[in-house]
Amino acid sequence: MTPDRRSPLRLTRHLRRADIVRMALPPLKGPFTVDTYQRLGELGILGEDDRVELIDGQVVEMSPIGDRHASCVRRLNGLFARQLLDVAVIDVQNPVVLGRRDAPQPDVTLLVPRADAYPHHPRAQDILLVIEVADTTVAYDRDVKLPLYARVGIPEAWLVDLERDRVQVCREPAGGRYTSVRAVSRGNTITPLRFPTMTVAADDVLG
């Protein structure tokens, strides 16, 4: 039999970077439990780079992180790392599980120290302070996420409002809301409720 001397098969076109860009997030109709939500990731329906969180059983796509937002999160991480490294776990933009149908991703979370470094996502009872940084999402963070944190009894939440140049310090959760809310502007300081020896300048948070 005569050998086939034809040229080897070639791709009909060169592979371009655009060919491997992940498609837009598909519409997902909930409600989902946390277990089902995590299963969406295992199945590849949600990717590691998808900026999503689970709120009241719905998969919510989060806004892209802008420069001011990212810079503020870095400042907060640095402030807490310098003073609380041995007394709290500092978590940045990782999920917390707050019930069967809620797994938000706060910008910064201070957790009770644990030797096992939390092999599973932290729960409400593990959280000492939760912080949301907002430049374009103030209403969502204030009206949706803060009440969620209050409902599960997280003792303190901060909302860093970059647009208004202030930090809202929320304490005393009761009846699904924080009953003590204080706006801290530049030139003033905050002492975290669970860390009474620490003082944080609003200017250092706002940049």
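Rule-based calculations on the coordinates, nothing more; no lab input. All values reported here derive from a predicted model rather than from experimental measurement. No Cβ is skipped: glycine too gets one built from the backbone with ideal geometry, and neighbour counts run over all protein chains shown.
Structure summary
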read-out: Restricting the range 86-182 to GluC sites (Glu not before Pro) in coil, as DSSP defines it, with at most 12 other Cβ within 10 Å; value: GLU163
read-out: Antiparallel bridge percentage (DSSP; both residues within the range 60-161; nearest 5); value: 60 percent
read-out: With Cα atoms, 0 to 90° folded angle of helix 67-84 axis to the chain main axis; value: 60 degrees
read-out: Segment ASN77-GLN58, length gained on full extension (0.36 nm per residue, minus Cα span); value: 4.0 nm
read-out: Normalised contact order of the chain, rounded percent, pairs of Cα under 8 Å and 6 or more residues apart; value: 13 percent
read-out: Distance in nm between pseudo-label sites at VAL87 and VAL144 (7 Å out along the Cβ direction from Cα); value: 3.5 nm
read-out: Normalised convex hull volume, the chain, alpha-carbon set, Å³ per residue; value: 196 Å³
read-out: Per-selection metrics, the range 79-140 (Cα): Rg and Dmax in Å; value: 12.2, 37
read-out: Packing-based exposure ordering (other Cβ within 10 Å, fewest first) of ASP35, ASP116; value: ASP116, ASP35
read-out: Percentage of interatomic Cα-Cα distances in the range 93-207 larger than 23 Å; value: 26 percent
read-out: Calculated FRET efficiency for the pair LEU28/ARG114, C-beta based, R₀ 25 Å, to 0.05; value: 0.20
read-out: In nm, spacing of pseudo-spin labels at ARG100 and GLU163 (7 Å Cα→C-beta vector); value: 3.5 nm
